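Since the structure comes first, as structure tokens, the remarks are kept for the end.
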């Protein structure tokens, strides 16, 4: 049993494997062994295989496909916990043995997005924003949602901690739900769906 964001997936006993690697920069010299001047841990990768089951298996598949397509942040909770990650590949297949569900395989890769900083003209304070989506009104900060944004990625951008997504949702639940309904969704599924152009208060 595991979760990708809030989506339940069934992972078998050998269905989760972690790839760890390190990059080393070498430079040849005239005599002796090469010189290593840089050692750096590579991003973690988790390979998953398992099943999408239950009455909402097709919905989960569609939502996971969207997360992959948009390059949205995901958080994986299984034997290993990995946040600040993206789905790099996702394959599904149907067999007669799984009634109403499907097998899947997936790779989730840890990423670090470069975040630039600029100085807000009103307060002179430095505000972090990878795409400069910040609007400052006196001491109030808003973020304009762009395609691919999630509450996880926005929380990570402003707080440096994606678990603060609950704070963002609590402060903006009415706005998020109204935008989702206006866009044709029944609801935002607790902030899972964000509509581009929505302005969110950053408390």
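The values are calculated or read from the model by the stated rules, or taken from the named source; none is laboratory data. Only a predicted model underlies this, so the values are computations on that prediction, with no experimental measurement involved. Neighbour counts run over all protein chains shown; Cβ positions are idealised from the backbone, glycine included.
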Query raised in the report: Can you find a residue in segment 130-146 that is surrounded by fewer than 17 Cβ atoms within 10 Å (Cβ to Cβ), in contact with a helix residue (DSSP H, G or I) (Cβ under 7 Å, 6 or more places away or on another chain) and at pLDDT below 50?
Result: yes
Report summary line: Residues in segment 42-83 that are closer than 18 Å to residue 153 by Cα, surrounded by 18 or more Cβ atoms within 10 Å (Cβ to Cβ) and touching a helix residue (DSSP H, G or I) at 6+ places or on another chain (Cβ under 9 Å) total 4
Query raised in the report: Among the strands (runs of 3 or more DSSP E) contained in segment 64-110, which hold 1 or more residues that are farther than 23 Å from residue 191 by Cα and either touching a strand residue (DSSP E or B) at 6+ places or on another chain (Cβ under 6 Å) or in the same structural domain as residue 13 (by TED's automatic domain parsing) (or both)?
Result: 81-93, 102-110
Query - Residue list for segment 89-99, filter: loosely packed, with under 15 Cβ neighbours inside 10 Å and closer than 24 Å to residue 149 by Cα - result: 89, 91
Report summary line: For segment 3-53 the number of residues that are in contact with a strand residue (DSSP E or B) (Cβ under 6 Å, 6 or more places away or on another chain) and not in a strand (DSSP E or B) is 7
Query raised in the report: If you scan segment 159-193, which residues turn out to be in contact (Cβ under 8 Å) with a residue 40 or more places away in the chain, buried (at least 16 other Cβ atoms within 10 Å of the Cβ) and touching a helix residue (DSSP H, G or I) at 6+ places or on another chain (Cβ under 7 Å)?
Result: 162, 191
Report task. May I ask you to list the residues in segment 3-19 that are within 19 Å of residue 98 (Cα to Cα) and either touching a helix residue (DSSP H, G or I) at 6+ places or on another chain (Cβ under 8 Å) or not assigned by TED's automatic domain parsing to the domain that holds residue 60 (or both)? Result -> 7, 8, 9
